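Colleague: My questions all concern the structure below.
The values are calculated or read from the model by the stated rules, or taken from the named source; none is laboratory data. Just so it is clear, the model here is predicted, and its values are computed rather than measured. Don't worry about glycine lacking a Cβ; one is built from the backbone with ideal geometry, like all the others, and counts go over all protein chains shown. To get the accessible areas, we keep the full protein, side chains included, count just its heavy atoms, and leave off ligands, DNA and RNA. Shrake-Rupley method; radii C 1.70, N 1.55, O 1.52, S 1.80 Å.
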Amino acid sequence: MYNELDFVIIFKGKNVNLELLEKGCCNLRKQIENASAFGVAVVVAVNAFKTDTDAELMLVCRFAKEAGAFDAVKCTHWAEGGKGAVDLAQAVQKAAQAPSNFQLLYDVELPIVDKIRIIAQKIYGADDVELLPEAQHKAEVYTRQGFGNLPICMAKTHLSLSHDPEKKGVPTGFVLPIRDIRASVGAGFLYPLVGTMSTMPGLPTRPCFYDIDLDPETEEISGLF
């Protein structure tokens, strides 16, 4: 067990910087706040890999609960399949049975730009949004065509709350650039393209499956991670 976070411990030959880990949890706190804004109980699944220590996992679980999560559960389903996610399933079941007050983030009848701005400010922490000429034009066109009341699905990098993948943690003081807005009318939503986000991610020249193998004796899979 441990009480202080401002130190580095040695665990099975591995340097564990709990202070650094705790600083990185600011992003986790923001994600919990975002999910809680919808009025539902939040359960955090903590994927426990073989290189993670008990001290690190305990810190993340404790931090998540202190940040407002209904529960935070260590999971090993990547290695043990369903058996490793039983505790998580039970936590989700309890959360689903807890009182909730589900609410949408915005009124779908609001103008397209206003809905984008609400997402940018409340979910990403942006000061404002900037619609480039193409995006502004599309917003006007879709509104005239009767699609202005469709919900918004943002196409944005997952590496940062901002549009810049290099901005880690919980960045502030930025304006979210909207390059374009496209419509998936059949699916029922509009999707703004944030920054340089591409809708067709590039694939590696060497597919990952070349490095994946199965040991017929131990039945262990190698090369997944």
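Let's see how each residue does on (1) buried (at least 17 other Cβ atoms within 10 Å of the Cβ); (2) in contact with a strand residue (DSSP E or B) (Cβ under 9 Å, 6 or more places away or on another chain):
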residue: Gly82; (1), (2): no, no
residue: Ala85; (1), (2): yes, yes
residue: Ala95; (1), (2): no, yes
residue: Leu110; (1), (2): no, no
residue: Ile119; (1), (2): yes, yes
residue: Thr143; (1), (2): no, no
residue: Leu159; (1), (2): no, no
residue: Leu176; (1), (2): yes, yes
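Colleague: Is it true that Lys168 is under 21 Å from Ile118 (Cβ atoms) and in contact (Cβ under 8 Å) with a residue 40 or more places away in the chain? Full working, then the answer.
Modeller: Values: under 21 Å from Ile118 (Cβ atoms): no; in contact (Cβ under 8 Å) with a residue 40 or more places away in the chain: yes.
For Lys168, the condition - under 21 Å from Ile118 (Cβ atoms) and in contact (Cβ under 8 Å) with a residue 40 or more places away in the chain - is not met.
Colleague: Take Leu224 and tell me if it is in a loop (DSSP other than H, G, I, E, B), on the phi < 0 side of the Ramachandran plot and aliphatic (A, V, I, L, M). I'd like the intermediate steps shown before the answer.
Modeller: Values: in a loop (DSSP other than H, G, I, E, B): yes; on the phi < 0 side of the Ramachandran plot: yes; aliphatic (A, V, I, L, M): yes.
When the stated conditions are applied, Leu224 passes them.
Colleague: Against the conditions (1) in contact (Cβ under 8 Å) with a residue 12 or more places away in the chain; (2) surrounded by fewer than 16 Cβ atoms within 10 Å (Cβ to Cβ); (3) within 30 Å of Leu21 (Cβ to Cβ), where does His163 fall short? Just the number, please.
Modeller: All conditions pass for His163, except number (2).
Colleague: Separate question: Could you list all residues from region 121-141 that are among the aliphatic types (A, V, I, L, M) and open to solvent by less than 40 Å² (accessible area, probe 1.4 Å)?
Modeller: Filtering region 121-141 down to residues among the aliphatic types (A, V, I, L, M) leaves 123, 126, 129, 131-132, 135, 139, 141.
Ile123, Ala126, Val129, Leu131, Ala135, Ala139, Val141, listed by residue number.
Colleague: Working carefully through the options Met154, Met197, find the one that is modelled with pLDDT under 95, of a type in the set (A, V, I, L, M, F, W, C), within 23 Å of the chain's Cα centre (by Cα) and open to solvent by 20 Å² or more (accessible area, probe 1.4 Å). Write out each step before concluding.
Modeller: Numbers: Met154 fails: modelled with pLDDT under 95.
Residue meeting the stated conditions: Met197.
Colleague: Considering only residues of region 206-223 that are open to solvent by less than 100 Å² (accessible area, probe 1.4 Å) and at pLDDT below 85, which is nearest to Trp78 (Cα to Cα)?
Modeller: If we take residues in region 206-223 being open to solvent by less than 100 Å² (accessible area, probe 1.4 Å) and at pLDDT below 85, then Cys208 is nearest to Trp78 (Cα to Cα).
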